[in-house]
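The values are calculated or read from the model by the stated rules, or taken from the named source; none is laboratory data. Computed from a predicted structure; not experimentally measured. Cβ: placed from backbone, ideal geometry, glycine included. Neighbour counts: every protein chain shown. Accessible surface is based on the protein model in full, side chains and every heavy atom, while ligands, DNA and RNA are left aside. Shrake-Rupley method; radii C 1.70, N 1.55, O 1.52, S 1.80 Å.
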Amino acid sequence: MHIDVSGANNRGYLVLEDGTVFVGRLIGAEKTAIGEVVFTTAVVGYPQILTDPSYKGQIIVFTKPLVGNYGVSEDQMESDGVKAEGVVLFEATKPSHYKSVMTLEEWLAASGIPGVARVDTRALVLKLREHGVMMGAVGPEEPGALLEALRKSPRYEELSYVDLVSVQEPVELGEGRLCVGIVDCGVKKSIVKEFLKRGVRVRLVPCRRPEAAFDCDGLFLSNGPGNPQLLDSLASKVAQYAEYKKPLMGICLGHQVIAMAFGARIYKLKFGHRASNKPVRDLRFTGKTYITTHNHGYAVDPEGTELKVWAVQPDDGTVEGLYHERQPVFTTQFHPEASPGPRDTLWIFDKFLGLIERHA
């Protein structure tokens with residue numbers, strides 16, 4: 001497919017690690033960014049996606065061809081700013097929404113994030129599905145220079161990004177009789193809001209210091225970016241907490257770390273699950289299939305662990321939820337808070353708080 005980029009203000013490039021070059025129009029900041037190139041099939045929710053700390057270290061490809069049509073507003077943010085390293089899309093549209101305060105392009109520029117528009121995203125996503133996610137570079141430099149910079153850079157799975165998106169000191173939020181300790185590996189604002197609206201106190205603690213929340217009534221491990229296999233020390237501390245037989249829950253990266261704490265193996269998916277329309281089948285609690293939001297490139301192999309599977313992704317069988325038969329331990333690989341996406345699984349927060357109530 002030929003994409004016409006003539007008349008563009010600036011030419012931009014996406015270069016993949018195998019040397020493939022995609023040419024488009026540079027949007028956002030006039031700089032180069034390097035990261036793991038991943039794609040999302042979400043139709044809406046680009047502000048929430050771009051500000052999700054789990055995307056730190058990654059360049060996001062949007063499969064939806066038109067992105068930006070409702071602009072950007074403060075109430076759409078999942079953190080204090082854009083966390084993705086770069087953006088690739090087909091067309092950045094002008095907004096038409098009463099809440100919008102700026103366009104997508106203006107927001108990216110103000111945030112120092114480069115992007116490339118007018119890219120053949122269908123061809124790009126087909127390549128990533130066939131060959132798996134790759135490292136890439138986006139920016140205004142010539143492809144040869146981008147490829148050279150890319151080859152000198154560490155790979156995504158070699159870097160630990162959680163320290164860049166975690167609180168540095170404990171933070172207390174809300175009021176209530178019960179306390180939920182959140183181990184912040186890059187927690188989304190909407191997750192914190194779901195706990196606060198249920199009338200509990202929340203203590204956010206650094207990802208490297210989960211013990212700062214061990215005295216809370218329950219411990220929650222958040223979502224976050226990067227390779228979970230680099231978090232062995234965190235998994236060891238979670239295993240120590242599990243010996244107290246107190247309520248324990250994790251979402252996304254937190255799910256993977258809890259699985260590691262109980263001896264499970266983690267493996268990398270070929271191109272991951274990133275969407276707001278992924279089915280998850282509940283094998284234990286309700287028997288229903290839910291449409292859910294996902295953002296993960298790693299998955300759990302539960303063989304050899306005490307944990308049991310309660311949810312799976314029916315398309316490929318990926319484990320989407322674990323539980324312990326004798327301890328109050330419960331996890332989800334998907335995002336029950338959605339944001340963006342369907343809110344079918346908000347009951348999971350109530351289930352965790354029910355566990356806390358019974359063990360308080």
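Given the -39500 (n - 2.57) contribution per DSSP H run of 4+ residues, what per-residue ellipticity at 222 nm results for the chain, rounded to the nearest 500 deg cm²/dmol? Result for the chain, helices only: -6000 deg cm²/dmol. Cα centroids of the stretch 128-184 and the stretch 186-243: 18 Å apart.
Relative to the longest principal axis of the Cα atoms of the chain, the long axis of helix 143-152 makes an angle of roughly 30 degrees.
Which entries in the list Lys127/Lys270; Lys189/Lys351; Lys268/Lys351; Lys64/Lys278 go over 22 Å, if you measure between the two C-alpha atoms of each? In this structure, Lys268/Lys351 exceed 22 Å between Cα atoms.
For the pair Lys193 and Leu164, the difference between a 0.36 nm per residue extended length and the Cα-Cα distance amounts to 8.3 nm.
Using the average count of surrounding beta-carbon atoms within 10 Å as a protection proxy, the listed peptides 228-239, 246-257 rank, highest first, as 246-257, 228-239. On the principal axes of its alpha carbon atoms, the stretch 206-292 extends 36, 30, 22 Å, with the longest extent given first.
Amide H contacts of Val116 (H built 1.01 Å from N, in plane; Pro and chain starts excluded): Ile27, Val87, Val88, Leu89 sit under 5 Å, all sequence-distant by 5 or more or on other chains. Evaluate E = 1/(1 + (r/R0)^6) for Asp315 and Lys152, where r is the Cβ-Cβ distance and R0 equals 45 Å; express this FRET efficiency to the nearest 0.05. The pair Asp315/Lys152 has a calculated efficiency of 0.75.
Amide H contacts of Cys252: Thr332, Gln333, Phe334, each under 5 Å away and 5 or more positions distant or on a separate chain (H built 1.01 Å from N in the peptide plane; Pro and chain starts excluded). Measuring r between the beta carbons of Glu74 and Asp350 and using R0 = 25 Å, the FRET efficiency lands at 0.35.
Projected over all directions and averaged, the alpha-carbon convex hull of the stretch 2-158 occupies 8.7 nm².
Unpaired Cys in the chain, meaning no second Cys C-beta under 4.7 Å: Cys252. For the stretch 130-283, treating each Cα as an identical point scatterer without solvent, what Debye log10 I(q)/I(0) comes out at q = 0.10, 0.11, 0.14, 0.19 1/Å? Summing over Cα pairs of the stretch 130-283 leads to -0.44, -0.52, -0.78, -1.19. The ellipsoid equivalent to the alpha-carbon distribution of the stretch 100-183 has semi-axes of 35, 20, 16 angstrom, derived from the gyration tensor eigenvalues as √(5λ) and listed largest first. The order of the peptides 328-336, 102-110 by mean Cβ neighbours within 10 Å, most packed first, is 328-336, 102-110. Counting only DSSP beta bridges with both residues in the stretch 162-359, the antiparallel share comes to about 60 percent.
Surface composition of the stretch 2-158: carbon and sulfur atoms hold 49% of the protein heavy-atom accessible area at a 1.4 Å probe.
Counting only residues at least eight positions apart within a chain, or on another chain, the aspartates and glutamates with an alpha carbon under 12 Å from that of Lys288 are Asp344. Here the relative contact order of the stretch 215-255, from alpha carbon pairs under 8 Å that lie six or more residues apart, stands at 69 percent. The convex hull of the Cα atoms of the chain, projected and averaged over all directions, covers 17.5 nm².
Annotation: aspartates and glutamates with alpha-carbon distance below 12 angstrom to Lys193 (same-chain offsets under eight excluded): Glu78, Glu337. Annotation: peptides 80-88, 194-202, ranked by per-residue average of other Cβ atoms within 10 Å with the highest first, follow the order 80-88, 194-202. In the full protein context, the chain carries 40 Å² of accessible surface per residue, based on a 1.4 Å probe and ignoring ligands, DNA and RNA. Here the accessible area is traced with a 1.4 Å probe on the protein chains. For the stretch 162-359, carbon and sulfur cover 48 percent of it.
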